[in-house]
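Visitor: Shown below is the structure under consideration.
The values are calculated or read from the model by the stated rules, or taken from the named source; none is laboratory data. A quick note: this is a predicted structure, and the numbers were derived from the prediction, not measured. For neighbour counting, all protein chains shown are included, and Cβ atoms are generated from backbone atoms with ideal geometry for every residue, glycine included. Accessible surface is based on the protein model in full, side chains and every heavy atom, while ligands, DNA and RNA are left aside. Shrake-Rupley method; radii C 1.70, N 1.55, O 1.52, S 1.80 Å.
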Amino acid sequence: MKIAFVGKGGSGKTTLSSLFIRHLAATGAPVIAVDADINQHLGVALGLDEAEAADLPAMGDRLPLIKDYLRGSNPRIASAGTMIKTTPPGEGSRLLHVRENNPVYDACARPVELDGGAVRLMVTGPFTDADLGVSCYHSKTGAVELCLNHLVDGRDEYVVVDMTAGSDSFASGMFTRFDMTFLVAEPTRKGVSVYRQYKEYARDYGVELKVVGNKVQGADDLDFLRAEVGDDLLVTVGHSDWVRAVEKGRPPRFQLLEETNHAALRRLHSAVEASYERRDWGRYTRQMVHFHLKNAHAWGNERTGADLAAQVDPAFVLCEGVAAPA
């Protein structure tokens, strides 16, 4: 199951995504956590110190390796150099699975031990001084999108992505890659403005969106969110002494998280599980192809010198039963 956490900067989406990752790990489920935010804070939220988090391998720096591995023996892709962030898989492509070991995970993922288990953590890498004025952060998140395009995941295995803040998530087709998108919103006008943008942009793509109200302090805050987001409001979260201790670098055992917040995480988990029955791999693949063709026409063909529409395998549908190349 693929889950995204989105919201405006400062909404608490990284905190909520890290709590959900801890919750899933505590159930014993396999989890891949991905930090796709321009501000790379997920590792620290999961308990790494600043030096450890800074030392994580950046997916953006390993894009040639990722492309070469995923290309496999796909005859429609002339070379790894002609692959872009939206390149879809086809016959002969190598696919990624949550539970396996492969060269992409070896290069880009690192285990993070949690008191409830362990997860694999992957990060896009930070925006550096060398990028200023010459590149866009979405060139880094392209590595995440390419991996999600080639990922086959099933029930009871999870990929949780902490997305970049605000409506920047719509700068690529990655926003359609998820079974469930949790939008973290504070009970303020700015907090719900991102919700309105996301709801409008996602409307035509069947994106399943639920709102997590954060920093809710009383009935007035709750009433405000209910009035602004209606039935999309799934659950609310208030102040947490447990989270404050983690932010001070003194993480208590996860079992000591407030019961109200454990209950909120269980509610998120239930919503994700329910979305499994509504999976539509055909639509997922069609959307993948749609955004690939848009990117090919807008810039990809010119950038690579190739007709990237020819990379589309019309008979291929990514799904749990698809066979990987030998």
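Visitor: When the Karplus curve 6.51 cos²θ - 1.76 cosθ + 1.60 is applied with θ = phi - 60°, which whole-Hz ³J(HN,Hα) does each residue of segment 253-258 get, with x for Gly and Pro?
Guide: 4, 4, 4, 8, 4, 3
Visitor: Now for a different question. With axes computed from alpha carbons, what is the tilt in degrees of helix 13-26 against the longest principal axis of the chain, rounded to the nearest 10 within 0 to 90?
Guide: Rounded to the nearest ten degrees, it is 90.
Visitor: Where the only charges are on Cβ atoms (+1 Lys, Arg; -1 Asp, Glu), what is the dipole of the chain about its Cα centre, to the nearest 20 debye?
Guide: Approximately 460 debye in magnitude.
Visitor: Set the bar at 18 Å for Cα to Cα. Now go through K2/K248; K13/K215; K67/K294 and name every pair that lies beyond it.
Guide: Result: K2/K248; K67/K294 exceed 18 Å.
Visitor: What is segment 132-280 by shape, rounded, prolate or oblate, if you read a ≥ b ≥ c off the alpha carbon gyration tensor as root eigenvalues and call it rounded for a/c under 1.5, prolate for a/b larger than b/c, and oblate otherwise?
Guide: Judged from the Cα gyration tensor, segment 132-280 comes out rounded (a/c under 1.5).
Visitor: Let me ask you something else. Counting other Cβ atoms within 10 Å, keep those with at most 14, restrict to DSSP loop, and tell me which GluC sites (Glu not before Pro) in segment 226-293 are left.
Guide: Those that pass, being in a loop and sparsely packed, are E277.
Visitor: Please give the helix 189-202 orientation as an angle from the longest Cα principal axis of the chain, in degrees from 0 to 90, rounded to the nearest 10.
Guide: That helix lies at roughly 30 degrees to the long axis.
Visitor: In terms of the Cα gyration tensor, with a ≥ b ≥ c the square roots of its eigenvalues, is segment 239-300 rounded because a/c is under 1.5, prolate because a/b exceeds b/c, or oblate?
Guide: Oblate, because a/c is 1.5 or more while a/b does not exceed b/c.
Visitor: Rounded to a whole number, what % of the accessible area of the chain do carbon and sulfur atoms account for, probe 1.4 Å?
Guide: That share works out to 50 percent.
Visitor: Could you do me a favour and compute the accessible area per residue for the chain, 1.4 Å probe, result in Å²?
Guide: Ligands and nucleic acids excluded, the result is 44 Å² per residue.
Visitor: Between R278 and R253, what length comes free when the chain is fully extended (0.36 nm per residue of separation minus the Cα-Cα distance, one decimal in nm)?
Guide: Gain on extension, R278 to R253, equals 5.5 nm.
Visitor: Evaluate the distance, in nm, between pseudo-label points positioned 7 Å from the Cα of H290 and of A310 along their respective Cα→Cβ axes.
Guide: 2.7 nm
Visitor: With a cut-off of at most 14 other beta carbons within 10 Å, and DSSP calling the residue loop, which trypsin sites (Lys or Arg not before Pro) in segment 151-231 qualify? Please list them.
Guide: Sites meeting the loop and neighbour criteria: R155.
Visitor: By a straight-distance test (C-alpha under 19 Å), which aspartates and glutamates pair with K8 as possible cross-link partners, with residues fewer than eight away in the same chain excluded?
Guide: Within the straight-line limit of under 19 Å, K8 reaches these aspartates and glutamates: D35, D37, D162, D168, E186, E200, E208, D221, E228, D232.
Visitor: Hey, if you put +1 on the Cβ of every Lys and Arg and -1 on every Asp and Glu Cβ in the chain, which of S172, L151, A306 ends up farthest toward the positive end of that dipole?
Guide: A306
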